[in-house]
Structures are given as structure tokens and as C-alpha cells.
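All of the numbers you see were taken from the coordinates with simple rules; none came from a lab. This one's a predicted model, so the numbers in the text were calculated from it and none came from an experiment. Virtual Cβ from ideal backbone geometry, glycine too; neighbours counted across all protein chains shown.
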Amino acid sequence: MTAHGPTMKDATSDSVVDYTIDALRDAIRSGEYAPGQRLVVADVTRHLSVSAGPVREAIRRLTGEGLVEIVPHKGASVREITADDIREIHQLREVVEGLAARLAADNVDDPAYRAEIAEIRTEMDLAATTEDAELFLANNRRFHDLIYRMAGNGRLKLLAEQLILPVYQLRLPHRMTVDDLHASYAFHQRIIAAVLNGRASAAEQAMREHVAESARGLIAALETARAARDSARPSRRPRGRKRAGPES
């Protein structure tokens with residue numbers, strides 16, 4: 001699939017750069033550019049229909065976000081996430097998202113918030129019943145966005161978004177097993193119940209446990225994906241004759 005950006009006539013330089021950053025970020029997050037894949041400027045310019053300058057700026061920006069890495073003498077490539085990365089990221093997510101759940105429980109009296117939680121819970125019930133990972137993850141995003149709005153602290157959401165970016169590829173619908181879906185659903189039921197009842201400490205604890213379990217699931221997904229990729233690689237055979245040993 002080829003992305004098409006704004007034409008150079010109709011867009012300012014800043015808007016082209018913004019478009020390029022967003023488009024390249026989305027392509028990495030969706031798996032269109034795989035972990036470890038080189039980002040050749042000429043290839044990306046053709047893919048996104050933009051010039052080289054915005055692509056270089058996008059690569060620079062996404063390096064700062066942890067999605068891209070620059071390797072000396074090799075250039076830019078999509079950063080490969082490690083199990084240690086996942087553990088470190090989720091230790092921070094536990095704090096950030098746990099605090100958001102605590103603050104949300106303190107602000108649950110707003111009728112609009114309660115109505116939106118009820119709607120999301122209904123959609124999650126349906127997703128769990130039909131085992132629809134795409135529907136579940138869509139409402140998972142809605143739920144967490146709502147939690148941040150209820151928390152009333154915009155910086156918490158910004159921190160969470162920065163933390164989740166490097167591991168986004170591992171959270172795609174096709175990577176969610178049925179067991180993953182039901183486990184996540186059970187945690188969300190606990191969090192929702194605690195928030196709706198205004199139990200701030202319980203909401204924070206449930207959210208922290210949910211994030212910790214998410215880390216374990218992502219590490220398992222990472223190991224499965226790498227094992228599949230390694231098994232798909234052709235084995236390398238040594239070239240030339242094998243020497244029997246040192247000459248006598």
C-alpha cells in the first residue's frame with residue numbers, strides 16, 4: 001500500500017514535515033516497516049510521496065521517540081524492541097496509568113463520564129463474547145483515553161503515549177490471542193468497577209496489575225514473533241571445503 005501525502009503546492013513546509021512524521025510513525029506502528037528494517041531515505045520518499053528533507057526530519061524525530069535507531073555505517077532502521085525494553089517501559093507505565101486510574105475514580109460523579117464508561121463496557125462485553133480482538137482493542141483505547149480525561153491531567157496522557165509508542169507493534173489485533181483477550185477483559189472489569197464505585201486505591205492497584213500482566217504478554221509475543229522469524233530464515237552453510245584439521 002502506498003501512502004499519498006499533501007501536494008507540495010498546497011502544503012507549507014511545516015505541514016509536509018508533520019504529515020511525513022505521522023505517516024512514517026503509523027507505518028512503523030502498523031508493522032508496514034518491520035523491526036530491524038532499514039529506512040532508506042529514497043525508498044521512504046517514494047512510499048510517502050514527499051521529498052527527502054521531510055523524511056530526514058521524520059527519521060530524526062522518530063529516533064527521539066524510540067521508534068527508529070541510527071547505527072554507525074549502516075544508517076537508520078526500525079528499532080527492535082527487547083524484553084528489557086518492555087520491562088522498563090511497563091514499570092513506568094504502572095506508575096503513570098495507575099495514578100490516572102486513581103484520579104479518574106475521584107472524578108467519577110460526572111454523569112457524562114459514567115455514561116461513556118457504561119457504553120465502553122457494553123462494547124467490551126460484546127468483544128469478549130464474540131472474541132473480536134479488533135473490537136476489544138478499539139474500546140481498550142477508548143477506555144484509556146477516557147481514564148486520562150477523567151484524571152484531568154493532560155501530562156499523564158502525554159507520558160503514557162510516549163511510553164507505549166515503541167511497543168505498539170506488539171499490540172496489534174492479530175497478535176492478541178483469545179486467552180490474552182479474556183485476561184485483559186477481566187482486568188478491565190475490575191478497573192471499571194473500582195472507578196465507578198469511586199474506590200481510588202482499588203482502581204490504581206487493578207490498573208497497575210493490568211499493566212504488569214500486559215508486560216508479560218508482550219514479552220511472550222515478542223519471543224514468539226522472533227522464534228517464527230528465526231525459523232523462517234534459511235540456514236547458512238559454510239562455503240568451500242571443510243578442512244579436516246591441521247596438517248601433520
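Observations on the model:
- In a simple Cβ point-charge model (Lys, Arg +1; Asp, Glu -1; nothing else charged), segment 83-226 has a dipole of about 280 debye relative to its Cα centre.
- Once both labels are positioned 7 Å from their Cα atoms along Cα-to-Cβ, the gap between ILE70 and ASP132 label points is 4.5 nm.
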